[in-house]
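First the structure, in the form of C-alpha cells, and then the observations on it.
Where a number appears in this text, it was derived from the coordinates with a stated rule and is not lab data. Bear in mind the structure is a predicted one, so any value in this text is a computation, not a measurement. Every residue, glycine among them, receives a Cβ derived from its backbone with ideal geometry; neighbour counts consider all protein chains shown.
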Ligand code: SLL
C-alpha cells in the first residue's frame with residue numbers, strides 16, 4: 001500500500017526477562033536436574049500484558065522469533081500470537097536474539113534486538129529478591145508508514 005510521506009509514528013515496547021529459582025514443586029518429570037532457574041523472555045507493551053490500557057502488540061507485530069542458546073532443544077522459538085513470550089528453565093545466562101516481524105502490509109523490515117538473559121542478582125539491593133528482572137525500554141519508529149500500517153496503529 002501507499003506510504004504516507006512526512007509522517008513518522010513510534011510505539012514503545014519493553015523487552016527483557018524475569019527469572020526465579022526453580023522450586024522442587026515447579027520441576028516436571030523431564031526438567032533436567034541441573035536446571036536451577038525458571039525464566040521467561042518477552043516483548044510487551046510498557047503497561048504489561050493484560051492490564052487495562054495495555055496495547056495489543058499484534059496490531060502491528062506479526063511474530064517474534066526468539067533465538068535461545070544452542071543447548072536448548074528447538075532453540076529457535078517463533079511466537080505468532082501474544083503474549084510474545086518464551087518460558088523456560090535452565091542454569092546459565094546467555095545472549096538471546098529477538099527478531100520482531102511486522103505484518104506484510106506494513107512493508108517494514110524486521111528488527112533484531114539482543115537481550116542478555118539475567119538469572120542472578122548483580123546489584124546489592126537485588127540480593128534478597130525472589131524475582132530478578134532485566135528490562136529494556138525501546139521505541140519502534142515507523143518512518144513514512146504505509147496507509148495500511150497507519151490504519152493498524154490508529155485503529156484502537
Ligand atoms: C554459560 N555460556 O556457560 C553460557 C551458556 C547455557 C544455558 C549457558 C540449559 C539448556 C538445557 C541452559 O541453561 N543453558 O539444558 O536445555 O553460562
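Observations, loosely collected:
- Rule-of-thumb Rg ratio for segment 49-116 [Cα; 2.2 N^0.38 Å; N residues]: 1.22
- Highest average packing first - 103-111, 23-31, Cβ atoms within 10 Å: 103-111, 23-31
- Between residue 1 and residue 74, the contour length at 0.36 nm per residue exceeds the Cα-Cα span by 22.7 nm.
- Secondary-structure-derived ellipticity at 222 nm for the chain, considering helices only, amounts to -1500 deg cm²/dmol, per-run term -39500 (n - 2.57) for DSSP H runs with n ≥ 4.
- Between segment 3-40 and segment 74-119, the C-alpha centres lie 9 angstrom from each other.
- Pairwise FRET efficiency - residue 21 versus residue 112, Cβ, R0 = 30 Å, nearest 0.05: 0.45
- Evaluated at q = 0.13, 0.14, 0.19, 0.21 Å⁻¹, the base-10 log of the normalised Debye intensity for the chain, with identical point scatterers placed on the Cα atoms, takes the values -0.67, -0.76, -1.18, -1.36.
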